[in-house]
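The values are calculated or read from the model by the stated rules, or taken from the named source; none is laboratory data. Because the structure is a prediction, the values reported are computed rather than measured. FYI the Cβ positions are ideal-geometry reconstructions off the backbone, even for glycines, and counts take in every protein chain you see.
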Amino acid sequence: MKYRTLIFMAKHRMAAIDIGANDKADVISIDGNNVMEYTSGTQIREFCQYIKSYYNIDSFSDLEMEISILRFDAVMRDALLLLEEIQDAKEYNLISVEKVLPWIAVKEGLIKTGTVVQIETFDLTYTISLDEAMVMKCQAGGTDKEHVFILPKEKFTEYNHLDKNDLFGYEDEKKVLCEKYDNELKNKERRIRKLEQQLIKEKEKTKNIENRLEKAVSEIYEKEKSINRHICKFVNTDEINMTMVPQILQSAFRNITYTYTYIVKFCCYDADIVKRGQKIADIKVSLGGSRLPERDFFISAKEAGRIYWLCEPGAEVKSETNMAIIGDLSDTKEDVMKWYNKVQQDQ
């Protein structure tokens, strides 16, 4: 004995009818309801289990079953999942409601040449037209709510013996869809690779801009700090006053070179913050090995900032000796020495 089942599948809603002898319809109960709502693959599998329970079977292959799925606005992914669940039935297929409704409209005498009719079924409305060239079209939706023909689900059982060659067969539709999805996937993969390449280029551009900006900011910051950097130079203006030497000895002194010796004594440490006018070093003066304390003097900072010494404490300095650098408060020894070496190279 052959058992026939017609499944109605809309977006998030399903129902099933058993088609008995003489095309008599019996609605398959879903926990006492005619319609089951679904949002996941698990619920689709549960729906199939209700059908099995109706026939008291464990598998659709337990009986000689013919199962047809009438697809309304359900997404194809869900329809294919339902097909996978019923594929152990002897016969099964997937039918688009847009293929069936025009044929029913003609058989029921609802449409004539050059007319349009609206049919409501499974709580959805479809508009069917038949032009003068006898070309029929069916599309979802409708605007004339006052002239709508209501088609009960049970009415489909009378037309369940349609020639399946004129319907969407599962394998053919699956093949077409797979090819379509494969092409879409390949196009998306190519698009992704193209976008990834563009992203890499944009990242490189952004990185270059960031590097140039960072360099520009660094140069501006360095220039601002350079303005606050100063070199403390020792300049010798002392000379031997020959008038202080007795006349009798002047001829002898003329052949002797006398030089002053200047010894540095620090008054602050490396990296100390100094104020403008603050004493930073004492200079001890000697002449010919003899100390001349009356000629001792000190050096003051011409500007405020952080001091870094270029000589050692107790060192002997000569005229034009660079003794220290007074830099910006944020300067480190490395900062000022880098700046100082560049200044020396540029001179």
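Right, Glu98: acidic (Asp, Glu), touching a strand residue (DSSP E or B) at 6+ places or on another chain (Cβ under 7 Å) and assigned to a helix (DSSP H, G or I) or not? Criteria met by Glu98.
Taking the numbered list (1) in contact with a Lys or Arg (Cβ under 8 Å, 6 or more places away or on another chain); (2) over 18 Å from Asp88 (Cα atoms) in turn, Met65 passes all entries but (2). Take the conditions (1) surrounded by 14 or more Cβ atoms within 10 Å (Cβ to Cβ); (2) of a type outside the set (Phe, Trp, Tyr); (3) over 34 Å from the mean Cα position of the chain (by Cα); Ser59 misses just one of them, which is (1). Within this structure, Arg45 passes the test of being surrounded by 14 or more Cβ atoms within 10 Å (Cβ to Cβ), more than 15 Å from Phe156 (Cβ to Cβ) and out of contact with any Lys or Arg (no Cβ under 7 Å at 6 or more places or on another chain).
When you look at Ile119, is it part of a strand (DSSP E or B), in contact with a Cys (Cβ under 6 Å, 6 or more places away or on another chain), under 23 Å from Ala74 (Cα atoms) and touching a residue at least 12 places away in the same chain (Cβ under 8 Å), yes or no? In short, no. Comparison of Ile7, Ile104 shows that the only residue that is under 18 Å from Asp123 (Cβ atoms), without any contact (Cβ under 8 Å) to a residue 60 or more places away in the chain and surrounded by 14 or more Cβ atoms within 10 Å (Cβ to Cβ) is Ile104. Out of Ala89, Ala79, one residue alone is in contact with a strand residue (DSSP E or B) (Cβ under 9 Å, 6 or more places away or on another chain), in a loop (DSSP other than H, G, I, E, B) and among the small types (Gly, Ala, Ser). It is Ala89. Just one of (1) farther than 23 Å from Asp123 by Cα; (2) without any contact (Cβ under 8 Å) to a residue 24 or more places away in the chain fails for Asp31. It is (1). Applying the criterion of being farther than 14 Å from Ile299 by Cβ and surrounded by 12 or more Cβ atoms within 10 Å (Cβ to Cβ) to the residues of segment 260-269, the residue that is nearest to the chain's Cα centre (by Cα) is Thr261. For segment 110-149, name all the residues that are under 46 Å from the mean Cα position of the chain (by Cα) and aliphatic (A, V, I, L, M). Answer for segment 110-149, where residues must be under 46 Å from the mean Cα position of the chain (by Cα) and aliphatic (A, V, I, L, M): Leu124, Ala140.
The conditions of being in a helix (DSSP H, G or I), exposed (fewer than 10 other Cβ atoms within 10 Å of the Cβ), at pLDDT below 90 and not hydroxyl-bearing (Ser, Thr, Tyr) are not met by Ile220. All told, Val116 meets the bar of being among the aliphatic types (A, V, I, L, M), in contact with an Asp or Glu (Cβ under 9 Å, 6 or more places away or on another chain), more than 18 Å from Ile30 (Cα to Cα) and at pLDDT below 95.
Entry remark, segment 17-44: residues being within 19 Å of Asp73 (Cα to Cα), part of a helix (DSSP H, G or I) and not β-branched (Val, Ile, Thr) number 2 in total. Quick one: would you say Glu85 is acidic (Asp, Glu) and surrounded by 12 or more Cβ atoms within 10 Å (Cβ to Cβ)? Yes; evaluated as a whole, the condition is true for this residue.
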